[in-house]
1. Which one is least open to solvent (accessible area, probe 1.4 Å) among residues in segment 114-128 that are hydroxyl-bearing (Ser, Thr, Tyr) and either touching a helix residue (DSSP H, G or I) at 6+ places or on another chain (Cβ under 7 Å) or not in a loop (DSSP other than H, G, I, E, B) (or both)?
2. So, of the residues in segment 29-38 that are open to solvent by 60 Å² or more (accessible area, probe 1.4 Å) and in a loop (DSSP other than H, G, I, E, B), which turns out to be nearest to TYR6 (Cα to Cα)?
3. How many residues does segment 17-49 hold that are in contact (Cβ under 8 Å) with a residue 40 or more places away in the chain and among the charged types (D, E, K, R)?
4. Return the pair list, or none, for Cβ contacts closer than 6 Å from residues in segment 254-276 that are assigned to a loop (DSSP other than H, G, I, E, B) to residues that are surrounded by 15 or more Cβ atoms within 10 Å (Cβ to Cβ) and of a type in the set (Ser, Thr, Tyr), at least 6 apart or on different chains.
5. Looking at GLU240, GLU263, GLU246, which one is modelled with pLDDT under 90 and open to solvent by 10 Å² or more (accessible area, probe 1.4 Å)?
6. Using the structure shown, decide if ARG146 is surrounded by fewer than 17 Cβ atoms within 10 Å (Cβ to Cβ), closer than 25 Å to VAL237 by Cβ, touching a residue at least 60 places away in the same chain (Cβ under 8 Å) and in contact with an Asp or Glu (Cβ under 7 Å, 6 or more places away or on another chain).
7. Got a sec? Which of LEU180, LEU187, LEU153 is farther than 16 Å from SER212 by Cα and either touching a Pro at 6+ places or on another chain (Cβ under 7 Å) or among the aliphatic types (A, V, I, L, M) (or both)?
8. How many residues does segment 151-196 hold that are assigned to a loop (DSSP other than H, G, I, E, B), of a type outside the set (Asp, Glu) and either touching a His at 6+ places or on another chain (Cβ under 7 Å) or more than 21 Å from MET274 (Cβ to Cβ) (or both)?
Amino acid sequence: MKIGLYVNLKRDIDGRYSKYFIQLMKKRGIEYRIIEANDEVFLDEKFYTRDEVLDFADFMAVFGGDGTVLGIAVDAARKNMPIFGINVGNLGFLSEIIPDRMEEALDKILAQEYFIENRELIKLTYSDKEFFALNEIILNRTSFGRIIKIEVLIDGILADTMRADGLLVSTPTGSTAYSLASGGPILSPNVKAFIVNSICPHSLNTRPMVISSRSKVTLRSKLTDSDGGIIIVDGKVVDELHSYEEFNIERANANVRFLRIEETNFYNRLLDKMNTWTN
């Protein structure tokens, strides 16, 4: 077995948990490679590029919170590689394993006592560009005190014209993230749907829409010359938003594969996680 490590040292301070995990792997004769990290923390370790580790490993261990998982999820999906998260962040919806259970989890993986949970990705295309998201894609304003206007078409049919601070298209995975904070519904991960949701809409009529994941969402931005906007994919700004651009969002052909060591009830997990925020 070969395992790749992706470590967020802002969460795993001084590599406390990841270095212990490395010790556990060494005792079991597991080969491993670490994606480029701080060599002052990982003394005597060799580092590799992201692509080198993804080509090498059978699984990817991710140390951090949900944001850290988002940072590697799409690349792992392209390689069809399962990932498992060790939660040293805050919420931990995507990172299942707590540090105290790392050894148990590793032994279960060695014994093949796990299952794979698939989560759908969405794909954004416009001009000659393409991006993938596990949580959401956002078109957002940059000018304070102004709103942007976005036409929403579902399978080519105009569904709404939203005037708001921004607009997002979310997967079921992302329904518990920014979409939830924007008043959107919670979707179970196995629901085949997207959420189209405005951010601070300037209307009493604009409401979140849940649509089939078989549909294509087209967004048309309408900005004045004095407006500014940005495009955000899973929390990362990827481009500027310009007027009269057209964006197509649809289900991607790849899934993020999460390695799970035990069955968990989504609604129990939801209740537990959403009521246990920490600093």
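1. My answer is TYR126.
2. Looking at residues that are open to solvent by 60 Å² or more (accessible area, probe 1.4 Å) and in a loop (DSSP other than H, G, I, E, B), I get GLU36.
3. Looking only at that region, the number is 1.
4. As it stands, the answer is ILE261/TYR114, since those pairs meet every condition given.
5. It is GLU263.
6. So ARG146 fits the description; yes.
7. Result of the check over LEU180, LEU187, LEU153: LEU180.
8. So the answer is 2.
The values are calculated or read from the model by the stated rules, or taken from the named source; none is laboratory data. Every value quoted in this text rests on a predicted model; they were computed, and no experiment measured them. Positions of Cβ are generated from backbone atoms using ideal geometry, with glycine treated the same way; all protein chains shown enter the neighbour counts. Just the protein is used for accessible areas: all its heavy atoms, side chains included, with ligands, DNA and RNA removed. Shrake-Rupley method; radii C 1.70, N 1.55, O 1.52, S 1.80 Å.
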